[in-house]
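S.K.: Below is the structure I would like to discuss, written out as C-alpha cells.
The values are calculated or read from the model by the stated rules, or taken from the named source; none is laboratory data. Here the structure is a predicted model, which is why all the values come from computation and not from measurement. For neighbour counting, all protein chains shown are included, and Cβ atoms are generated from backbone atoms with ideal geometry for every residue, glycine included. Note: accessible area is taken over every heavy atom of the protein model, side chains too, but ligands, DNA and RNA are not part of it. Shrake-Rupley method; radii C 1.70, N 1.55, O 1.52, S 1.80 Å.
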Amino acid sequence: MSKQGNLSSPKSWFVLFLLIILLALAVCYASLSGSANIPIKQLIGLEPMTDEINRYIIKEIRMPRILLAIITGMSLAVAGVVMQVLLKNPLASPFTLGVSSGASFGAALAIVLGTSIFGMDLVASGKWLIAFNAFFFGCISVFIVYGIATIKNGSTTVLLLAGVAIGNLFSAGVSAMKYFSDNEALKNLVIWLMGGFWGASWEVVYILVPLLTIGLLILLRLSWSFNSLNAGDEVAKTLGVNVKVLKICSLLLVTLLASSSIAFVGIIGFIGLVAPHIGRMLVGVDYRFLIPISSLLGALILLVSDTVARTILAPIEIPVGIITSCIGAPFFIYILLQKKKDYWG
C-alpha cells in the first residue's frame, strides 16, 4: 500500500460536494423556518434587513442553534466512525462505551443535587455545572471501560461488555436521582435526557468549534492508519502502524468530541450509528473519504431533525432526541434488512 493512495475517486468527490450543497441548503431553510417569517432576500443579502427583531432572531437565536446542531452532528458521527473501526464492530457508537450513561449521571447529579464532583463548587453557573459534570463522568466511564479491557489484553469483546456493564451502573444512578428528585428537578432532568438545543449560544459554539476542527484534522491525518487497521491489526503493524498507541489516542480524542457535545445538548441517539453506515454505503471504507462524508451526514441529519422538532408543532417544540430516535431506529432497521452487500470491511 502506498501512503499517498488514490484520492481520484469521482464518486467519492461527487458525494462529498453534494453533501456540502445539501447542508448549505438545510442551513438556509433552517434560518428561514420558525415562528417569525424572514424573507429569503433579506437572509441572502439582496435586501437590507431593516427589522431589528428579525436581525436579532437570525444572529442571536437561529444561527447559534444551527451551528450547534452541525457541530454536534459532526462530532457524534465522526466519533461513531472511529469507534467502529477501533472496536471492529459496526454497532459501536459514542454510547457503546457508556459515554451517554456517564454523561447522564453527571447531569443528574448537577440538576438534582446541584453539586459537582466530590461536592466541590467548581462551576458557579447551573448550565456550566451540568455541562462540566456530563463531560467529566462521560470521560470517567470510558477510562473505566478501557481500563477493564486493558487488564484482559485489550479484548474487543471485553471492551463492549464492560461498556454495557458500566452503562447500566450509571443508568441505575440516574434512576436513583429521578426517584429522589423533586418535581422541578425531575422535569429538568427528563428534558436534558431527551436532548435539545434550547441552550444554544455563541459562547458554546466558540468552545466547541476549535475542539471539532482540531479533532477532525487529527483524525483525517490518521485516516490511512485506520485504512490499515481495517485490514487487521497484524497487517497494520507490518505497515508501520503502532496499533496500541493509535487505539488509545483515537479513543480519547473521539470521547472528548462526543462528550463535549453531549455535555451541552443532552442525549441524542442514533447519529453516531446511522451516519457512518450511510457513509459506508455511499463511499465504502476508505477513511480518507468516510470520515468527512460521515461527519457531513451527521450534521445534515441532526440539523434537519432539529428544524422539524421546532417547526412541526410550532410554537411547541419537541426534543430533538425524540425526532432522531423516530427517524434513526426504523431507518437503521431498513438498512440492515435491505442491504445486499456487507459494507463492513
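S.K.: From (1) at pLDDT 85 or above; (2) closer than 30 Å to L229 by Cα, pick out the condition that doesn't hold for L67.
M.R.: Tallying (1) at pLDDT 85 or above; (2) closer than 30 Å to L229 by Cα, L67 fails exactly one: (2).
S.K.: If I ask for residues that are of a type outside the set (D, E, K, R) and open to solvent by less than 10 Å² (accessible area, probe 1.4 Å), which ones from region 290-306 would you list? Quick ask: steps written out before the conclusion?
M.R.: Taking region 290-306 and keeping what is of a type outside the set (D, E, K, R), we get 290-305.
Those that are of a type outside the set (D, E, K, R) and open to solvent by less than 10 Å² (accessible area, probe 1.4 Å): L290, I291, I293, S294, S295, G298, A299, L302, L303, S305.
S.K.: A follow-up question, please. Restricting attention to region 270-283, which residues are farther than 17 Å from N89 by Cβ and either touching a residue at least 60 places away in the same chain (Cβ under 8 Å) or surrounded by 24 or more Cβ atoms within 10 Å (Cβ to Cβ) (or both)?
M.R.: Filtering region 270-283 for residues farther than 17 Å from N89 by Cβ gives 271, 278, 281-283.
Passing the criteria: I271, M281, L282, V283.
S.K.: Tell me which of these I166 doesn't satisfy, since it passes every other one: (1) modelled with pLDDT of 80 or more; (2) outside any helix (DSSP H, G or I); (3) among the β-branched types (V, I, T).
M.R.: Status for I166: all satisfied but (2).
S.K.: Within region 286-325, which residues are closer than 22 Å to F95 by Cβ and either out of contact with any helix residue (DSSP H, G or I) (no Cβ under 9 Å at 6 or more places or on another chain) or charged (D, E, K, R) (or both)?
M.R.: D306, S325
S.K.: Going through K247, K237 one at a time, which residue ends up being free of Cβ contacts under 8 Å to residues at least 24 places away in the same chain and over 17 Å from T72 (Cβ atoms)?
M.R.: Answer to the check: K237.
S.K.: It is to be established whether one or more residues within region 283-293 are modelled with pLDDT of 85 or more, hydroxyl-bearing (S, T, Y) and closer than 24 Å to A134 by Cα.
M.R.: No - not one qualifying residue is present in region 283-293.
S.K.: Given L219, L193, which one is out of contact with any Asp or Glu (no Cβ under 9 Å at 6 or more places or on another chain), within 30 Å of I58 (Cα to Cα) and among the aliphatic types (A, V, I, L, M)?
M.R.: Details: L219 fails: within 30 Å of I58 (Cα to Cα).
On inspection, the qualifying residue turns out to be L193.
S.K.: Filter region 29-43 down to the residues that are open to solvent by 80 Å² or more (accessible area, probe 1.4 Å) and within 23 Å of I301 (Cα to Cα), then identify the one that is modelled with the highest pLDDT. Spell out the reasoning first.
M.R.: Narrowing region 29-43 to residues open to solvent by 80 Å² or more (accessible area, probe 1.4 Å): 29, 35, 37, 40-41.
Then keep just the ones that are within 23 Å of I301 (Cα to Cα); that gives 29, 35, 40.
On the way: Y29: 89, S35: 74, I40: 72.
Looking at the filtered set, the residue picked out is Y29.
S.K.: Among helices (runs of 4 or more DSSP H) lying entirely in region 20-92, which contain 3 or more residues that are touching a residue at least 60 places away in the same chain (Cβ under 8 Å) and under 14 Å from the mean Cα position of the chain (by Cα)? It would help to see each step written out before you state the result.
M.R.: Details: elements: 40-43, 52-56, 63-87.
Helices (runs of 4 or more DSSP H) meeting the threshold: 63-87.
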